[in-house]
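The values are calculated or read from the model by the stated rules, or taken from the named source; none is laboratory data. None of the values given here were measured: they were computed from a predicted structure. Neighbour counts are summed over all protein chains in view; Cβ atoms, including those assigned to glycine, are modelled from backbone coordinates with ideal geometry.
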Amino acid sequence: MGAVRIAAGVTADGAGVLRPLAEDGTPAGPEERVDDLVAAIAARESAGSPRWVWAATGRIYPRLLRAGIRVARCHDLELVEALALSHEGHYGQPRSVQAAYARLRGEPVPGDATPAGGGQPTLFGDADDDDEMAALVAVHADQRRRIAATEQPERLGLLAAAESAGGLIAAEMTHRGLPWSAERHDALLTELLGPRPAPGLRPRRLQELADRIAREFTTRRPVNPDSPAQLVKAFAADGVIVPSTRSHVLRRVDHPAVPLLLEYKELARIHAAHGWTWLDSWVRAGRFRPEYVVGGVPSGRWATRGGGALQIPRVLRRAVVADPGWTLVVADAAQLEPRVLAALAGDRAFAAAAAKGDLYAALSDAFGTRDDARGKAKIALLSAMYGGGTGEAVQLLAVLRNRFPEAFGYVEAAARAGEAGRLVRSRLGRTCPPPSAAWRDLTSDGFAGQDETRAGAALRSRGRFTRNFVVQASAADWALALMALLRGRLDRLTPGPDRGQGPHLVFFQHDEVIVHAPEELADEVAAAIRAAAAEAGRLLFGATQVVFPMEIAAVDCYADAK
């Protein structure tokens, strides 16, 4: 029996309306108008932690958090609608409650729009409040029906719950923020780039490099290192033909300007993406508060809107510093995707290897006894998951195929499905985008000559995508489950009215989490992380030999974790 469900909406006058729901989404009682929606939610949360049904966590939950209210669970209608639509092959269709309600009623479907500002707007503008609650109830019940009608409703239902929990966690991490020292950040930038420049000017170190780069070319024309066109012409004038000035291209070029250019590019990237302007815009009161986008990419991995939280340069991790008396418990899953493949495929030999600490080392005996056997095992396994098939990888893949046929066959089947234009799914049912109409036209029968070459390339590309999708998306399923379970375990470390004031999640990136915790609770937090990782594995894969070890470090500064 699941938690009591309560639909929550905002009325046109800014108050609220609540309605209890049965497990299948049908109304279980009358509507209740409340003058103070935040207070009403707080009272019911304290009484029994229901599952809140609302349009979008990202728009209503920040209002609760600002009032000091945390909820245990919810059903995010927008997030779940996106999952259900993609599962049905309608990837990318409008996912708002308005759109879902219009589809149910056979009416024109409006596009999605992101409301400005915080708080939860009414769904239908000046329409009657009854329309909004009717939409919430109808869309939720329809989603419950659609999930129940799938081949594996328990898995998709678990994904819907985990995705909704992700929405809560994302809002909480934005609200709490990642501890960030503006003073350290400024000092790091000064160390790397020189003093903060006046607006419109390069930092001193970049200008010095720009001047040196220009002197290394024989051309008398000015050479701007920020201009690829000028650089290509300058190289050509020196007899060096380069197709582009990308770093991987320049590393193969023998020219005295290249080392300077590579250094310039790296420093310029830091200045542009995380320089003083970024610091002024994103760090307030010792916290960096990015806006996370749950399921922001097709595989279920998260994205962010601005701030570049998922691409923090390693050197700037020195600015991520715990509060006095607190610590950062940094944990990442060791070799997550290969372990997920082992659990997905049910390959006993592969699963036995994944039951050990270093998966690549455990697989290395399949590739001989030389010192580079572990490296060969890693190449073979990554090639199988990501579609490598040239050079040495071809021979290594053959070894993997013979030694672990079920694991190899699992990703091969996904690749063949993709090449045939079919959909593939993660362990919990997250579904890949369908191929485009242009792809279907290109790969259909009847094309010859150059089109056959292009069609073959398109088929292989689609196959590589679906091959990786089944593993990467399943790893994202596991990570979501880990975070949802860890959130509950962290709350239990600080029970009662102080729930949420103790250890709390402050960062998440693919397979890595950071918990900000009181120093005296660091060991308990580490134990909670390990327990949540093991429980997530059981929840997704049942009884399996595969283990999901977490590499954990409790540090004052993020840079010290690795």
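Here is how the numbers come out for the structure above:
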read-out: One residue from 541, 507 being under 23 Å from the mean Cα position of the chain (by Cα), crowded, with 17+ Cβ neighbours inside 10 Å, under 22 Å from residue 291 (Cα atoms) and not assigned by TED's automatic domain parsing to the domain that holds residue 87; value: 507
read-out: Residues of the stretch 148-168 that turn out to be farther than 18 Å from residue 55 by Cβ and part of a helix (DSSP H, G or I), as a count; value: 9
read-out: Members of the stretch 231-267 that are of a type in the set (Val, Ile, Thr) and not in a helix (DSSP H, G or I); value: 240, 241, 242, 245, 253
read-out: The one condition in (1) assigned by TED's automatic domain parsing to the domain that holds residue 523; (2) surrounded by 16 or more Cβ atoms within 10 Å (Cβ to Cβ) that residue 306 fails to fulfil; value: (2)
read-out: Test result for residue 399, at pLDDT 80 or above and part of a helix (DSSP H, G or I); value: no
read-out: Counted residues, the stretch 169-210 - those being touching a helix residue (DSSP H, G or I) at 6+ places or on another chain (Cβ under 7 Å), under 30 Å from residue 72 (Cα atoms) and outside any helix (DSSP H, G or I); value: 1
read-out: In the stretch 414-424, the residues that are within 20 Å of residue 455 (Cα to Cα) and free of Cβ contacts under 8 Å to residues at least 60 places away in the same chain; value: 414, 415, 416, 417, 418, 419, 420, 421, 422
read-out: Qualifying position, being buried (at least 21 other Cβ atoms within 10 Å of the Cβ) and touching a Phe, Trp or Tyr at 6+ places or on another chain (Cβ under 7 Å), among 528, 532, 536; value: 536
read-out: Looking only at the stretch 67-106, and only at residues there that are outside any helix (DSSP H, G or I) and more than 24 Å from the chain's Cα centre (by Cα), the one that is nearest to residue 150 (Cα to Cα); value: 106
read-out: Condition check for residue 469: assigned by TED's automatic domain parsing to the domain that holds residue 420 and either aromatic (Phe, Trp, Tyr) or under 14 Å from the mean Cα position of the chain (by Cα) (or both); value: yes
read-out: So residue 165, is it in contact with a Pro (Cβ under 7 Å, 6 or more places away or on another chain), under 25 Å from residue 288 (Cα atoms) and surrounded by 22 or more Cβ atoms within 10 Å (Cβ to Cβ); value: no
read-out: Subset of the stretch 73-87 that is in contact with a strand residue (DSSP E or B) (Cβ under 8 Å, 6 or more places away or on another chain) and either surrounded by fewer than 22 Cβ atoms within 10 Å (Cβ to Cβ) or not hydrophobic (A, V, I, L, M, F, W, C) (or both) - its residue that is nearest to residue 434 (Cα to Cα); value: 86
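Residue-by-condition table, conditions (1) free of Cβ contacts under 8 Å to residues at least 60 places away in the same chain; (2) farther than 30 Å from residue 279 by Cα; (3) over 33 Å from the mean Cα position of the chain (by Cα):
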| position | (1), (2), (3) |
| --- | --- |
| 146 | no, yes, no |
| 151 | yes, yes, no |
| 155 | no, yes, no |
| 169 | no, no, no |
| 175 | no, no, no |
| 187 | yes, no, no |
| 222 | yes, yes, yes |
